[in-house]
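First up is the structure itself, then whatever we jot down about it.
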Amino acid sequence: MSRGASKLGNLKDKLDGNELDLSLSDMSEIPVRELAAIPKATVLDLSCNKLTALPGDFCSLIHIVKLDLSKNLLVQLPSEFGRLINLQHLDLLQNRLTVLPVTFAYLKNLKWLDLKDNPLNPALAKVAGDCLDEKQCKECAQGVLQYMKIVQSDLEKEMQRKLLMEQAQKQKHEAEQQQREERQRQLRRREKARQKDKKRRDYNALQAAQRQVKNNTENEKSYNHKVFAIPIEKKQQQRQSWLGRLVVFILFMLMMAIGIVVICHCTQLQTKNICFSINAVYEETLTTLRSYQILEGILQPPGPQQEGH
């Protein structure tokens, strides 16, 4: 049991048919739970208390048909007040209300309303008018409902406008974000293409350098081969040339010597002094050759026939 209900005692004892009178109870809080347990109490009198606000769960008491909140200290009604869809009679005389919640427009069954002696804003006060008799209170209910519907419509339009603006801002932000992402993707693609192109150039340069080194190496080998091969061939040719010349020279000198010997031995020149020396050399040479033949005969081993003798 709530603190407010403990002061009031058993609420069911105060129930008279479908009317529950809790006026002049010095209440500052409403015992919503205990009231919810008495759905039969469709007429609720909370006038002449010290209520400054209604709790949000008070709006769950949808069984209430007639509600008297006059002569309290209410500065506002809960935003869910429109949930009291069965409410037909509402007395808000002498409170501190300036505006009504937008959901007030949902009270389609409201037939009677009193808003006198509240510091209402001018537009609402003009619509509410006076509630000095039954007719004026009904007109107040009708006019306030129409006014609150307009307020609700305007508010919904404003909310819709804000929602559209937010969606437009969101779409604009998303479009800008997509543009930024697309620019970043383009930059990444360009950077990737640049790096790929650089790698290709480096690769081509490396290949060219390798080919150049290979060509230089082959040219150097070819050059060295030519440089070293040509002198060797030249040396061989020169050696062969000198040998041929030497042989020719020796043969020439031999032929000359033979010719001189023949001339000095067989012609009238043999009486010349120069031929005496040449003939002497010739005779000495023949003598030497004969001695070599005699020596060879002596040194030669005897043949089979000689051994038999």
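General observations
- Which numbered condition ASP130 misses (of (1) at pLDDT 95 or above; (2) open to solvent by 40 Å² or more (accessible area, probe 1.4 Å); (3) farther than 25 Å from GLY17 by Cα): (1)
- Any hit, the stretch 51-65, residues being within 25 Å of ASP154 (Cα to Cα), open to solvent by less than 80 Å² (accessible area, probe 1.4 Å), in a loop (DSSP other than H, G, I, E, B) and among the polar types (S, T, N, Q): no
- Subset of the stretch 129-158 that is part of a helix (DSSP H, G or I) and under 16 Å from SER70 (Cα atoms) - its residue that is nearest to the chain's Cα centre (by Cα): ALA141
- Inter-residue pairs, beta-carbon under 8 Å, first at positive phi and in the stretch 115-137, second assigned to a loop (DSSP other than H, G, I, E, B) and not basic (Lys, Arg), 6+ apart: ASP117/LEU93; ASP117/GLN94; ASP117/ASN95
- Residue within the stretch 181-189 that is open to solvent by 100 Å² or more (accessible area, probe 1.4 Å), modelled with pLDDT under 90 and more than 30 Å from VAL281 (Cβ to Cβ) present: no
- Residue match in the stretch 9-32 (condition: touching a His at 6+ places or on another chain (Cβ under 7 Å) and in a loop (DSSP other than H, G, I, E, B)): no
- For the stretch 9-22, a tally of residues being more than 14 Å from LEU61 (Cβ to Cβ) and either of a type outside the set (S, T, N, Q) or modelled with pLDDT of 95 or more (or both) returns 9.
- Scanning the stretch 8-35 for residues that are open to solvent by less than 20 Å² (accessible area, probe 1.4 Å) and either more than 20 Å from LEU74 (Cβ to Cβ) or hydroxyl-bearing (Ser, Thr, Tyr) (or both) gives a single hit, LEU11.
- For LEU87, the criteria (1) over 24 Å from LEU155 (Cβ atoms); (2) in a loop (DSSP other than H, G, I, E, B); (3) without any contact (Cβ under 8 Å) to a residue 24 or more places away in the chain hold in every case but one, which is (1).
Conditions (1) touching a Lys or Arg at 6+ places or on another chain (Cβ under 7 Å); (2) among the charged types (D, E, K, R), marked per residue:
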{"site": "LEU93", "(1), (2)": "yes, no"}
{"site": "THR103", "(1), (2)": "no, no"}
{"site": "GLY129", "(1), (2)": "no, no"}
{"site": "ARG161", "(1), (2)": "no, yes"}
{"site": "MET165", "(1), (2)": "no, no"}
{"site": "GLN179", "(1), (2)": "no, no"}
{"site": "GLU182", "(1), (2)": "no, yes"}
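The values are calculated or read from the model by the stated rules, or taken from the named source; none is laboratory data. As the structure is a computational prediction, the values presented were derived from the model and not from experiment. Glycine gets a Cβ as well: all are built from the backbone with ideal geometry, and neighbour counts include every protein chain shown. Calculation scope for accessible area: heavy atoms of the full protein, side chains included, ligands and nucleic acids excluded. Shrake-Rupley method; radii C 1.70, N 1.55, O 1.52, S 1.80 Å.
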